[in-house]
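As structure tokens, the structure follows; a few thoughts come after it.
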Amino acid sequence: MKIAIGCDPNAQTAKEEIIKFIEKRRIGKFKDFGSTDPIYANVAIEVAEAVACGDFDRGILICGTGIGVSIAANKVKGAYAALISDIYSAKRAILSNDANIACLGAFTIGSKLREELIEAFLTNEFEPGCPSQPKVNAFRKYDLER
């Protein structure tokens, strides 16, 4: 799995912890899109575009709450960013919604929970034809037509 990861300056430590976790667990290969730009929308859009065009399978974005990067990433056609803060949501982001970007808060989620969320997000797969498929089809159709 190819993973794009980025954050704002406030989330640098959280991003480094996530990168170490991905490396330790050998979940996939990643590209760090940086963290120096204080305008979180810039890195969020860059990661979202890289995922939406298919260069990366999944993306991870982190800011103070995860809200800002989620809003910014979802402006990119083909990017489906989900704000995750609990294990159930992290799994359902994939299983029910086929999200391709996880957004997390550096100030709202502790290190251990962040690791569990990333593992849940990166190790689950959407199953085409599942009961959620018509819902996913509806928002993807709208996305393509806008």
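The numbers here are math on the coordinates, done by the rules we state, and not lab data. Since we're looking at a predicted model, the values are computed, not measured. Neighbour counts are summed over all protein chains in view; Cβ atoms, including those assigned to glycine, are modelled from backbone coordinates with ideal geometry.
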Which shape class applies to the stretch 60-112: rounded if a/c is under 1.5, otherwise prolate when a/b exceeds b/c and oblate if not, where a ≥ b ≥ c are the square roots of the Cα gyration tensor eigenvalues? oblate
Compactness ratio of the chain: Cα Rg over 2.2 N^0.38 Å, N = residue count? 0.96
Can you list which of the chymotrypsin sites (Phe, Trp or Tyr not before Pro) found in the stretch 93-132 are DSSP loop residues with at most 13 other C-beta atoms within 10 Å? PHE107
Of LYS20/LYS141; LYS20/LYS91; LYS15/LYS77; LYS2/LYS77, which pairs sit farther than 31 Å apart, going by alpha carbon to alpha carbon? LYS20/LYS141
The set of residues whose placed amide H lies less than 5 Å from the amide H of PHE30, leaving out same-chain residues fewer than 5 positions away, is ILE3
The stretch 1-49: trypsin sites (Lys or Arg not before Pro) in DSSP coil with no more than 15 other Cβ atoms inside 10 Å: ARG26
The set of residues whose placed amide H lies less than 5 Å from the amide H of GLY59, leaving out same-chain residues fewer than 5 positions away, is ALA4, ILE101, ALA102
Here the stretch 127-138 yields Karplus 3J(HN,Hα) values (6.51, -1.76, 1.60; θ = phi - 60°; whole Hz; Gly and Pro given as x) of 9, x, x, 6, x, 7, 4, x, 5, 5, 4, 5
Are there trypsin sites (Lys or Arg not before Pro) in the stretch 55-136 that DSSP marks as loop and that have at most 14 other Cβ atoms within 10 Å, and which are they? LYS75, LYS77
Could you check the spin-label model distance between LYS91 and THR108? Points 7 Å from the Cα along Cα→Cβ, value in nm. 2.2 nm
Given charges of +1 on the Cβ of Lys and Arg and -1 on the Cβ of Asp and Glu, with all other atoms neutral, how large is the dipole of the chain about its Cα centre, in debye to the nearest 20? 220 debye
Show that you can apply the helix-only estimate: for the chain, add -39,500 (n - 2.57) for every DSSP H stretch of four or more residues, divide by all residues, and state [θ] at 222 nm to the nearest 500. -14500 deg cm²/dmol
Classify the stretch 67-145 as rounded, prolate or oblate, taking a ≥ b ≥ c as the square roots of the eigenvalues of its Cα gyration tensor: rounded when a/c is under 1.5, otherwise prolate if a/b is larger than b/c and oblate if not. oblate
